[in-house]
Every structure is written in structure tokens, then in C-alpha cells.
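The values are calculated or read from the model by the stated rules, or taken from the named source; none is laboratory data. Nothing here was measured: the structure is a model prediction, and the numbers come from that model. Cβ placement follows ideal geometry from the backbone for every residue including glycine, while neighbour counts extend to all protein chains displayed. Just the protein is used for accessible areas: all its heavy atoms, side chains included, with ligands, DNA and RNA removed. Shrake-Rupley method; radii C 1.70, N 1.55, O 1.52, S 1.80 Å.
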Amino acid sequence: MTLENEKPPVWKRLGFGGILLLVILVFVGVIGFNMFISQQKRAFAEHMPEPVNLVTADKVVATDWIPTIEAVGYIRPKQGTILSSQTSGTVSKILVKAGDQVKKGQLLVELDSSVEKATLKVSEAQLPAAKANYDRFRSLIASKSASKAEFDAAQATYNQLLANIESLKATIQRRQIYAPFNGKAGIVKINEGQFIAAGTEIIRVEDRSEMKVNFSLPQTDLSRVSVGQAVSVSTDTFPDKIFSAKIIAIDPAVDNTTGLVEIEALVSDAEKLYSGMFARVEVVLPTEKNQVVVPQIAVTYTMYGETAYILEPLSDEEKAKFEKQNKDVSKMYRAKQLEVKTLDRKGVYAQLSSGVKIGDTIVTGGFQKLRNNALVEVSDKKGAGTTQPERTSRL
């Protein structure tokens, strides 16, 4: 076979025009196939049932809102102090036990003062003779039978002895620790026979007939507080107990470094409270009637603003359509997204000033796939985070 009988390649037989036509046909075929796929997807999507999001919701009712100013304070007694020694010495007597009720002026602890007491007896024994000598010279000076110098010496001796006696009594008294007021004694921190230095802490005495709470507020809140205003006090020690209190004093000066003013409130029924306890304080402001109050979880907070979803009923056409699909239309709604504004927050609740109205049904759960005008079904369950939990946190 010769080379002249061989057939040329296909691309040579088709020529340039044929190749171009073939490319165009392939390109058109690909486009057509993609359009066919898109059309099939569109048809499938049109006939696909609309997804239904399961949500929880609550009806918004008119609620009384009690605004408060929150702070953290500490409990203190009516009077309280740690008694300490004014002088050094050995403890000779301890006349009180922890938990005793003591009276003002009651002797609690005595340091050894035997030397001072002995010296006092010597001085007191010398006093009658010194006084008699002073009186004798006073009579003699009146009759001019003694010199003025002798009288002055007798008077000085007598007065010096009186001063020594008073000094010794004061020294002995400084070695005796007395209760400064009626109250309850704490733990005795010394022992009999122990040598203590001046300033050593001995025992705490507290008058717990009244308990107070001290706390600070920013100066911007001063216009909203006044003496006699109600205060709620709670502690982690008694999480289920709310103690009532009233403001009894507002410091007349604001701290110029912090901008805070100190406030003191008297606590009622505070037998269980101990001084030094940290406490949560809520200054109660006037009640605001008929407010829109919703769970905080129902409000979405973003850098662009605050939004919430409310439920709107289905149209009659939609109800008929879904009834044909054997769905319970009594629980189906459209979710409408609204812009809202929060005025105040307390616990798990938020007070709104706009957007949601009294009577609306607000979505409280199931936000994962929720969008504006989405079809939703309301669950019979209560939404998580819509009720105030028990007080179990710690400061």
C-alpha cells in the first residue's frame, strides 16, 4: 500500500469551518444542559413544601415594672468595735466568753496591776496624814502662827498625793477592758497568763440591735434616691430571703476621684445577718404601670440595633393550602421581624419602649433558622430562659 491511498485526519477533512461549527455545537449543548438542570431545580423548588420552623412564643401582657438601681454593699452593725489593750502586761482575768451578752461598762478582761494597786494603797494610807497636816497649817496661817512657805509646802504635798492617787487609779483602769456599749461578745483572742503588748486585739463587741447596709452609687443617680426610700437586700448566704431596708443617710459629699456617693440603709428583720457580709442592694424606684415586658432572650442585640420576632396569623388562602397538606394550621404563623428599643433590664426580663405592643405574641425560642416572614409552628413547651431562675450565684 502506498502513502497516496492513506486518508487524511478528520480535522483536515472538516476544515476550519467544520471545527468551528463543532465547537459551537458543543458549547450550545453545554449551555442547554445547564439550563435544563436549572429548570428542573426550579420546578422542584416550586413544588417543594415551604419549611416550617418550630418556635416557642409568649403573649405580651400589660405588666407593672418596678425599676431599680443595683449596687453591691456590705452589712455593718449599729455599733461594733474590736477592743484592744492600751498598755502591755500579763492577762490576769478573762470575765467573758464568746457569745455572751454584755452591758455597757461591764468588766471583760483585766491585766495584772498588782504593783499599781499596792502603790495606790500606800498613797491612800498617806493621804489622811497629809490632809491633816495641810488643814493644820491652814489654821495656823489664818492666825499667823505659821509662815506662808510652810503652808505652801503642806498644800503641795497634799495636792501631789491626790494627783498620784488619781494617776494610779487611771493606770489601773487602763489595764481593765470594759464593754463600751450593750452588745454581743465575739471570740476572745487572748488567754489568761499571756503577756500582751499595747494594741493587741482582745475581743470584738457588737451591738446587733440594728443592722445596716452601706453601699455606693454614681452621682448621676443622686436625683433618684432620697432618705426613706425602700431598698431590697439579698445575700448569697440566704439566697431565698429578701431583706427590706430603708435609706437613712446619704453622704453630703461625692468622692471626687470615683464620682460615687456613700449611702446607708437600715435593714429590717436582720437577726440572721452578720457584719462584713457582702450584699446585693436594689434601690426601689416608683412603679411604672402597663409596661411591655418580655424575656430578654426574645430580643436580639446586634451592633446595628435590637430586633424581635412577633407572630402574625396566616391568610385564608394559606390556611386552605396547608389544610390540604394535613397540617395543623391552628399553631402555624408568619414570623415578622421588628426593630425594638430596650429601656431597662432586670433578671431575665427586658422592658421595651417601642416595636412590640401589648397583645402581640413574641417569639422566645427557635431563632436558629428564623428569618423575616418565615413560616413557623408554635411549640406547646415553655421557652428556655423565659422565667427567673433561683438565686444560686455567688458574689
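If you check every pair at least six apart or on different chains, which have Cβ atoms under 7 Å apart with a residue in the stretch 149-168 that is within 12 Å of F137 (Cα to Cα) first and a residue that is among the β-branched types (V, I, T) and crowded, with 16+ Cβ neighbours inside 10 Å second?
F151/I141
Can you tell which of G305, G276 is without any contact (Cβ under 8 Å) to a residue 60 or more places away in the chain and either on the phi > 0 side of the Ramachandran plot or in contact with a helix residue (DSSP H, G or I) (Cβ under 7 Å, 6 or more places away or on another chain) (or both)?
Residue meeting the stated conditions: G305.
Considering each residue of the stretch 243-272, count those that are surrounded by 13 or more Cβ atoms within 10 Å (Cβ to Cβ) and at pLDDT 90 or above, and give that number.
18
So, in the stretch 125-139, how many residues would count as being open to solvent by less than 60 Å² (accessible area, probe 1.4 Å) and farther than 21 Å from K169 by Cβ?
So the count comes out to 4.
For K93, indicate whether it is charged (D, E, K, R), modelled with pLDDT of 90 or more, in a loop (DSSP other than H, G, I, E, B) and under 30 Å from I190 (Cβ atoms).
Judged against the criteria, K93 is not a match.
Go through the stretch 164-199 and give me each residue that's more than 52 Å from the chain's Cα centre (by Cα) and open to solvent by less than 60 Å² (accessible area, probe 1.4 Å).
I165, L168
Taking the condition surrounded by 14 or more Cβ atoms within 10 Å (Cβ to Cβ) and farther than 29 Å from E264 by Cβ, does I203 pass?
No: the conditions fail for I203.
Go through the stretch 376-395 and count every residue that is modelled with pLDDT of 65 or more and open to solvent by less than 100 Å² (accessible area, probe 1.4 Å).
Adding up the residues that qualify gives 9.
Among the residues of the stretch 286-306, is any touching a Leu at 6+ places or on another chain (Cβ under 6 Å) and either more than 17 Å from I358 (Cβ to Cβ) or among the small types (G, A, S) (or both)?
The answer is no, given that none of the residues of the stretch 286-306 is touching a Leu at 6+ places or on another chain (Cβ under 6 Å) and either more than 17 Å from I358 (Cβ to Cβ) or among the small types (G, A, S) (or both).
If a residue must be in contact with a helix residue (DSSP H, G or I) (Cβ under 7 Å, 6 or more places away or on another chain) and among the hydrophobic types (A, V, I, L, M, F, W, C), how many such residues does the stretch 242-259 contain?
Selection size over the stretch 242-259: 1.
Could you give every pair whose Cβ atoms fall below 8 Å, whose first residue belongs to the stretch 333-357 and is within 22 Å of T68 (Cβ to Cβ) and of a type in the set (V, I, T), and whose second residue is open to solvent by 30 Å² or more (accessible area, probe 1.4 Å) and not in a strand (DSSP E or B), counting only separations of at least 6 or pairs across chains?
V340/G355; V348/Q296; V348/I297; V348/G385; V348/T387; V348/Q388; V348/P389
Give the residues of the stretch 302-318 that are at pLDDT 85 or above and open to solvent by 80 Å² or more (accessible area, probe 1.4 Å), sorted by residue number.
P313, D316, E317
Taking G347 and the conditions (1) more than 30 Å from T235 (Cβ to Cβ); (2) within 29 Å of the chain's Cα centre (by Cα); (3) surrounded by fewer than 12 Cβ atoms within 10 Å (Cβ to Cβ), which numbered condition does it fall short on, given that it satisfies the others?
G347 satisfies all of (1) more than 30 Å from T235 (Cβ to Cβ); (2) within 29 Å of the chain's Cα centre (by Cα); (3) surrounded by fewer than 12 Cβ atoms within 10 Å (Cβ to Cβ) except (1).
S275 passes all but one of (1) of a type in the set (G, A, S); (2) under 30 Å from A62 (Cα atoms); (3) open to solvent by 30 Å² or more (accessible area, probe 1.4 Å); which number fails?
The one condition S275 does not meet is (2).
Can you say whether V283 is under 23 Å from K381 (Cβ atoms), in contact (Cβ under 8 Å) with a residue 60 or more places away in the chain and either assigned to a strand (DSSP E or B) or of a type in the set (V, I, T) (or both), as far as the supplied structure shows?
Spelling it out, it is not the case that V283 is under 23 Å from K381 (Cβ atoms), in contact (Cβ under 8 Å) with a residue 60 or more places away in the chain and either assigned to a strand (DSSP E or B) or of a type in the set (V, I, T) (or both).
Restricted to the stretch 220-242, and to residues that are within 16 Å of Y74 (Cβ to Cβ) and assigned to a loop (DSSP other than H, G, I, E, B), which residue is most open to solvent (accessible area, probe 1.4 Å)?
T237
How about the stretch 98-136: which of its residues are within 14 Å of A156 (Cα to Cα) and touching a Ser or Thr at 6+ places or on another chain (Cβ under 8 Å)?
Hits for the stretch 98-136 are A130, N133, Y134.
Inspect the stretch 114-124 for any residue being touching a strand residue (DSSP E or B) at 6+ places or on another chain (Cβ under 8 Å), buried (at least 17 other Cβ atoms within 10 Å of the Cβ) and within 27 Å of A179 (Cβ to Cβ) and give the result as yes or no.
There is no residue in the stretch 114-124 that is touching a strand residue (DSSP E or B) at 6+ places or on another chain (Cβ under 8 Å), buried (at least 17 other Cβ atoms within 10 Å of the Cβ) and within 27 Å of A179 (Cβ to Cβ).
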